[in-house]
Protein chains: 2
Amino acid sequence: MTHSQQRFFYEEEQQLLEEVLLHRRDVRGNHFKKEAIPKGVINKIIQAGLTAPSVGFSQPWEFVLIKDEVTKQAIKETFAEETEKAVKQFSNEKQKEYIKLKLEGITESPLNMAVFYKPKNTPVLGQTSMPNMGKYSVVCAIQNMWLMARSLNVGMGWVSILDPNKVKSILNAPKENELIGYLCFGYTDMFYNKPELEIKKWDYKKLQEDVVIQEKY
Amino acid sequence: MTHSQQRFFYEEEQQLLEEVLLHRRDVRGNHFKKEAIPKGVINKIIQAGLTAPSVGFSQPWEFVLIKDEVTKQAIKETFAEETEKAVKQFSNEKQKEYIKLKLEGITESPLNMAVFYKPKNTPVLGQTSMPNMGKYSVVCAIQNMWLMARSLNVGMGWVSILDPNKVKSILNAPKENELIGYLCFGYTDMFYNKPELEIKKWDYKKLQEDVVIQEKY
C-alpha cells in the first residue's frame with residue numbers, strides 16, 4: 001500500500017455514518033442487559049479508540065477495563081456522594097426533575113471502562129500553546145469508541161458525576177494520570193430515538209442558526 | 001417514530017465505520033486544494049457536530065466559519081509566533097525534524113472554523129463534579145465533524161499552535177468563550193494511508209497491550 005492510496009467514500013457510505021451518529025445514545029442502567037460482551041467486540045471498540053487523532057501523535061490514553069463487582073460498588077459510592085452535592089445546586093423545579101433521572105449504569109452494565117490521560121514528561125508537538133490538547137485527544141478516542149460501540153449494537157454511557165480523585169484511588173492509578181471519562185458498556189433492551197434529556201424536555205435541541213457565526217462575532 | 005424504535009447495525013455497516021475511522025487524517029496546507037466546499041457539504045459537517053453527545057444536553061458549542069483572507073492572515077501570524085516559541089522547547093534532534101513539518105493549512109484551505117466552548121451561567125447536569133465536561137462535549141462535536149468531513153471526502157486539519165487569546169481577539173469572541181479547536185477544511189490532492197507523524201517516525205503507533213489495563217493498575 002503506497003502512502004498516496006486513496007479511499008473515496010460514496011453517498012450511501014456518508015449516509016450510513018450519519019445514521020450511526022444519529023442513533024448513538026447515552027445509555028443508563030435502566031436499559032443495560034447483564035449479558036457479557038464478547039472479547040472480540042470489546043477489542044473492536046478499543047481498536048476504534050486507538051485510531052483516534054492525537055496531538056503530535058502522542059496517543060496519551062490509558063484504558064482500564066473493569067468487571068469486578070467490588071470495584072463497581074466503590075465507584076457507585078462516589079457517584080452517590082457527588083449526586084447528593086450536585087442536586088442542591090439546581091433550582092427547586094430542576095431538582096425535582098433531576099432526582100427522577102437515572103444517570104448511570106455502573107453496576108447494571110457488564111463492562112465499565114475508566115479512560116485516563118497520561119501526560120508525557122517531554123514536550124508534545126502541538127501542545128505547547130494549548131496545554132489541554134492531550135486531554136482533548138483522549139476525548140476523541142472516547143467518541144470513536146462510542147460510535148464503534150453503537151455500530152456493534154452495544155450501548156455506552158458516560159458517567160461524570162464522580163470524584164475523579166476517588167476513582168483514581170480506587171483503581172490505584174498513577175499520580176500523574178487524569179481521569180477523562182468513566183464509561184459503562186453493555187447490550188441494551190432499547191435505544192431511544194432521541195437524546196433522553198431532549199425527550200424529557202430538560203433542555204431544547206439547538207439548531208445551526210443558534211450556534212453558527214459567519215466570519216466574526 | 002416511537003421512542004423505542006430500534007436501528008440494528010449489520011456487520012458491513014460496522015466495517016464501513018471502521019474504514020472511516022481508519023482513513024481519517026490530519027490534513028495540512030501542502031495537500032489542500034483551493035476549490036470551495038459547497039454549502040450543502042458544509043451544512044452536513046456542522047450537522048454532524050450538532051448530533052454529538054453533550055453533558056446534560058448542554059450543547060455548549062459555537063462555530064465560527066471563516067473564509068476572509070485578512071482574518072486567516074492574522075491567525076497565521078499567531079501560528080508563526082507560537083511556532084517560534086515551540087521549536088525551542090524540543091531537543092536538538094527533534095528541532096530539526098519539527099521545522100521540516102508542515103503543520104497547518106490556514107491560508108491554503110478554503111474554509112477555517114474556530115470552535116468555542118460557551119459556558120452556561122447556571123449549573124449543568126453532569127458537570128458539577130468534573131468541570132471540564134462541557135469542553136469535552138465540544139471535542140466530541142469536533143470529532144464527529146472530522147469523521148463526517150472524511151466521509152464526504154473533505155480533509156480537515158486541527159491547528160493548535162496558536163495563542164487562543166489572540167484568536168479570540170481576532171474574532172471578537174465574547175470574554176467567557178474558550179477556544180477548543182481551530183480547524184481547516186478543504187478538498188485534498190491525497191490522504192495519507194497512515195498518520196503522517198507515524199510515516200515520518202516522529203513517534204511509534206501504540207498497541208492495545210501498551211495502553212489497556214485489566215481491573216486496576
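The values are calculated or read from the model by the stated rules, or taken from the named source; none is laboratory data. Just so it is clear, the model here is predicted, and its values are computed rather than measured. Every residue, glycine among them, receives a Cβ derived from its backbone with ideal geometry; neighbour counts consider all protein chains shown. These accessible areas exclude ligands, DNA and RNA; they are computed on the full protein's heavy atoms, side chains included. Shrake-Rupley method; radii C 1.70, N 1.55, O 1.52, S 1.80 Å.
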Under a 1.4 Å probe, counting only protein heavy atoms, B:Leu197 has an accessible area in Å², nearest 10, of 10 Å²
How large is the accessible surface of B:His23 in square angstrom, using a 1.4 angstrom probe and rounding to the nearest 10?
40 Å²
Rounded to the nearest 100 Å², what is the buried accessible area between B and A, both sides summed, probe 1.4 Å?
10100 Å²
Taking the Cα-to-Cβ direction at B:Gln95 and at A:Leu101 and moving 7 Å from each Cα, how far apart do the two end points lie in nm?
5.1 nm
Convex hull projection area averaged over all views, chain B, Cα basis, nm²:
16.2 nm²
Could you work out how far apart the two model spin labels at B:Asn43 and A:Asn193 are, taking each label as a point 7 Å from the Cα in the direction of the beta carbon, and quote it in nm?
2.3 nm
Give me the net charge of B:Thr78's neighbourhood, meaning all other residues with Cβ under 10 Å from the Cβ of B:Thr78; Lys, Arg count +1, Asp, Glu -1.
-2
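What is the sum of charges, Lys and Arg at +1 and Asp and Glu at -1, for the other residues whose Cβ falls under 14 Å from the Cβ of A:Glu13?
-4
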In the structure shown, do any of A:Lys67/A:Lys168; A:Lys200/B:Lys135; A:Lys33/A:Lys200 have a Cα-Cα gap over 19 Å, and if so which?
A:Lys200/B:Lys135; A:Lys33/A:Lys200
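So what is the accessible area of region A:28-200 per residue, in Å², with the probe set to 1.4 Å?
Details: 6310 Å² over 173 residues.
Heavy-atom accessible area per residue stands at 36 Å².
Which of rounded, prolate, oblate describes region A:170-217, given a ≥ b ≥ c as roots of the alpha-carbon gyration tensor eigenvalues and a/c under 1.5 marking rounded, otherwise prolate only if a/b is larger than b/c?
Numbers: a/c = 3.51, a/b = 1.35, b/c = 2.60.
It comes out oblate by the Cα gyration axes.
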Taking 50 Å² as the minimum loss, tell me which residues in region B:17-42 lose that much accessible area going from the chain by itself to the full protein complex (1.4 Å probe).
B:Leu17, B:Leu21
Expressed in angstrom and rounded, the centroid-to-centroid distance over alpha carbons for region B:104-170 and region A:98-115 is 27 Å
With a 1.4 Å probe and every protein chain kept in, tell me what percent of the accessible surface of region A:28-200 is carbon plus sulfur.
53 percent
Residue-wise HN-Hα coupling along region B:59-64, computed from phi with Karplus coefficients 6.51, -1.76, 1.60 (Hz; x: Gly, Pro)
6, x, 10, 9, 10, 9
Long-range amide H partners of B:Trp61 with built H, under 5 Å:
B:Lys118
In whole Hz, the Karplus estimates of ³J(HN,Hα) for region B:18-27 (6.51, -1.76, 1.60; θ = phi - 60°; x where Gly or Pro) are 4, 5, 4, 4, 6, 9, 6, 10, 8, 9
Just to confirm my numbers, what's the Cα centroid distance between region A:13-64 and region A:72-92 in Å?
26 Å
For region B:35-52, 3J(HN,Hα) per residue [Karplus equation, 6.51 cos²θ - 1.76 cosθ + 1.60, θ = phi - 60°, Hz, x = Gly/Pro]
2, 5, 8, x, 4, x, 6, 4, 4, 4, 5, 5, 4, 4, x, 6, 9, 5
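Please give me the summed charge of the neighbours of A:Lys166: other residues whose Cβ is under 15 Å from its Cβ, Lys and Arg +1, Asp and Glu -1. Working shown, then result.
Values: positive: A:Lys72, A:Lys76, A:Lys85, A:Lys168, A:Lys175, B:Lys216; negative: A:Glu77, A:Glu81, A:Glu82, A:Glu84, A:Glu104, A:Asp163, A:Glu178.
Residues close to A:Lys166 contribute a combined charge of -1.
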